[in-house]
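This is the structure I want to talk about, given as structure tokens.
The values are calculated or read from the model by the stated rules, or taken from the named source; none is laboratory data. Predicted model only: the values in this text are computed from it and were never measured. With ideal geometry, Cβ positions are generated from the backbone for all residues, glycine too; neighbour counts draw on all protein chains shown.
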Ligand SMILES: Cc1cc2nc3c(=O)[nH]c(=O)nc-3n(C[C@H](O)[C@H](O)[C@H](O)COP(=O)(O)OP(=O)(O)OC[C@H]3O[C@@H](n4cnc5c(N)ncnc54)[C@H](O)[C@@H]3O)c2cc1C
């Protein structure tokens with residue numbers, strides 16, 4: 001006797017990070033059913049056990065138009081609150097490099113504001129076309145996407161500004177060096193220099209409000225086409241079939257599930273929540289960004305006196321930074337993100353098969369928008385007017 005067919009879903013979303021949840025939110029708002037299969041809710045948005053500190057994604061910018069609807073904003077993070085590490089081991093928060101290299105600083109700010117305008121348009125476009133299409137449609141963004149950051153810095157003669165500001169920013173927030181980034185990724189990472197940024201508490205209750213079907217907590221191990229639909233195999237609950245599949249897992253996992261070609265290289269990091277007495281100079285600033293190639297990446301002092309400590313090492317030498325310390329939580333990001341390289345991946349991987357997430361552009365807002373776009377593509381199969389109506 002043949003075994004019964006597995007239940008057929010209109011849409012299965014694999015992965016409950018911000019990209020997958022954004023896709024679910026959009027489908028739910030348009031009353032289309034979906035099943036979310038995920039290992040966790042939130043993915044790389046993860047707070048400490050007491051909910052006070054983010055151990056993964058740490059800030060939102062004021063231009064995160066979609067994401068900001070689902071966060072409670074915390075402290076504003078200002079440039080003047082951050083120490084920047086130098087090659088000689090010293091730390092500073094002085095803006096003297098701007099005065100010393102004024103023409104460079106002016107050039108840099110002009111480049112940033114031009115980039116910001118184009119990037120804003122790009123994000124609007126991404127609601128109706130894939131990120132890859134939107135990048136290809138803008139010659140400037142396309143060139144930046146493939147230009148190594150060091151060549152961009154040299155071409156625009158902003159070496160001193162890059163050394164003083166962009167290098168510690170790449171280390172402290174991208175966990176890598178400028179040499180390994182493209183100009184596009186570097187400029188996205190530098191936007192907090194001109195756009196206000198804030199700590200936040202994520203409100204999953206708002207993002208997932210009214211989701212009709214509860215998420216299925218499981219691990220997807222295979223997605224295979226079967227005629228007009230797809231078969232999704234999970235580790236614990238067997239198989240599911242769906243007309244549409246949205247793959248919203250970290251790109252390393254998606255690459256295996258979808259048998260993708262090259263993707264950007266992974267970057268790994270460890271985040272520790274530490275209670276103890278931080279030493280100067282780090283105790284004198286809210287944030288410290290470390291110099292290139294330092295195994296320590298960033299330190300963020302919290303309002304309650306605890307400290308977030310990011311490192312490439314699993315066992316950092318806390319004695320170098322603290323008089324006394326106790327590690328309260330440890331999170332290994334394996335990986336934190338894929339940032340290095342210029343792989344540009346398409347959203348549509350086959351009829352009704354969508355790849356979303358932060359694999360092209362790494363930020364909460366950009367990942368969210370990929371989810372809205374995939375939902376819009378699915379909705380367009382039912383009613384064009386609902387698909388094109390704006391995401392509020
Ligand atoms: C330490 C750190 C700091 C960061 N700081 C910032 C920041 O300050 N600001 C910012 O904008 N961005 C930041 N980011 C980046 C941001 O967190 C990511 O770009 C964003 O969260 C990616 O969302 P996503 O939905 O694409 O992926 P993820 O959040 O990784 O979600 C993927 C989901 O897939 C699930 N999953 C994985 N494998 C499977 C499987 N086989 N089957 C089913 N489900 C699976 C996971 O459980 C998870 O729920 C940071 C990231 C890290 C790690």
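Can you name the strands (runs of 3 or more DSSP E) wholly within the stretch 31-87 that have at least 3 residues being over 18 Å from the mean Cα position of the chain (by Cα), buried (at least 17 other Cβ atoms within 10 Å of the Cβ) and touching a residue at least 40 places away in the same chain (Cβ under 8 Å)?
Numbers: elements: 35-41, 59-61, 71-77, 82-85.
In the stretch 31-87, 35-41, 82-85 are the strands (runs of 3 or more DSSP E) which contain 3 or more residues that are over 18 Å from the mean Cα position of the chain (by Cα), buried (at least 17 other Cβ atoms within 10 Å of the Cβ) and touching a residue at least 40 places away in the same chain (Cβ under 8 Å).
OK, next. Of everything in the stretch 17-47, what is over 15 Å from residue 204 (Cα atoms) and more than 12 Å from the ligand (Cβ to nearest atom)? Give them in sequence order. Talk me through it step by step, then tell me what you get.
At the first step, the residues of the stretch 17-47 found to be over 15 Å from residue 204 (Cα atoms) are 27, 29-35, 37, 39.
Scanning the stretch 17-47 gives 27, 29, 30, 31, 32, 33, 34.
Applying the selection to the stretch 183-196, what residues are in contact with a strand residue (DSSP E or B) (Cβ under 8 Å, 6 or more places away or on another chain), surrounded by fewer than 22 Cβ atoms within 10 Å (Cβ to Cβ) and not in a loop (DSSP other than H, G, I, E, B)? Break it down into steps so the answer makes sense when it comes.
Of all residues in the stretch 183-196, those in contact with a strand residue (DSSP E or B) (Cβ under 8 Å, 6 or more places away or on another chain) come to 183, 185, 191-192, 195-196.
Now narrow it down to the ones that are surrounded by fewer than 22 Cβ atoms within 10 Å (Cβ to Cβ): 191-192, 195-196.
Those that are in contact with a strand residue (DSSP E or B) (Cβ under 8 Å, 6 or more places away or on another chain), surrounded by fewer than 22 Cβ atoms within 10 Å (Cβ to Cβ) and not in a loop (DSSP other than H, G, I, E, B): 191, 192.
Give all pairs with beta carbons closer than 9 Å in which a residue from the stretch 1-25 that is within 22 Å of residue 65 (Cβ to Cβ) meets a residue that is at pLDDT below 95; count only pairs at least 6 apart in sequence or on separate chains.
22/391; 25/391
When the residues of the stretch 170-182 are filtered to those that are in a helix (DSSP H, G or I) and crowded, with 22+ Cβ neighbours inside 10 Å, which remaining residue is farthest from the ligand (Cβ to nearest atom)? Working first, answer last.
Pass one, the stretch 170-182, residues in a helix (DSSP H, G or I): 170-174, 178-180.
Subset that is crowded, with 22+ Cβ neighbours inside 10 Å: 170-172, 174, 178.
Numbers: 170: 13, 171: 13, 172: 10, 174: 9, 178: 18 Å.
Across the stretch 170-182, the extreme among qualifying residues is 178.
Kindly indicate the residue of the stretch 88-108 that is surrounded by 15 or more Cβ atoms within 10 Å (Cβ to Cβ) and under 30 Å from residue 139 (Cβ atoms) and also farthest from the chain's Cα centre (by Cα) among those meeting that condition.
Selected residue: 101.
Sticking with this structure for a sec: Can you give me the number of residues within the stretch 242-252 that are surrounded by fewer than 19 Cβ atoms within 10 Å (Cβ to Cβ) and either farther than 30 Å from residue 290 by Cα or in contact with a helix residue (DSSP H, G or I) (Cβ under 6 Å, 6 or more places away or on another chain) (or both)?
Quick first cut of the stretch 242-252, residues surrounded by fewer than 19 Cβ atoms within 10 Å (Cβ to Cβ) only: 243, 252.
Filter once more, so that each one left must be either farther than 30 Å from residue 290 by Cα or in contact with a helix residue (DSSP H, G or I) (Cβ under 6 Å, 6 or more places away or on another chain) (or both): 243.
Total satisfying the criteria: 1.
Which count do you get for residues in the stretch 291-350 that are free of Cβ contacts under 8 Å to residues at least 24 places away in the same chain and either within 15 Å of the ligand (Cβ to nearest atom) or buried (at least 21 other Cβ atoms within 10 Å of the Cβ) (or both)?
So the count comes out to 1.
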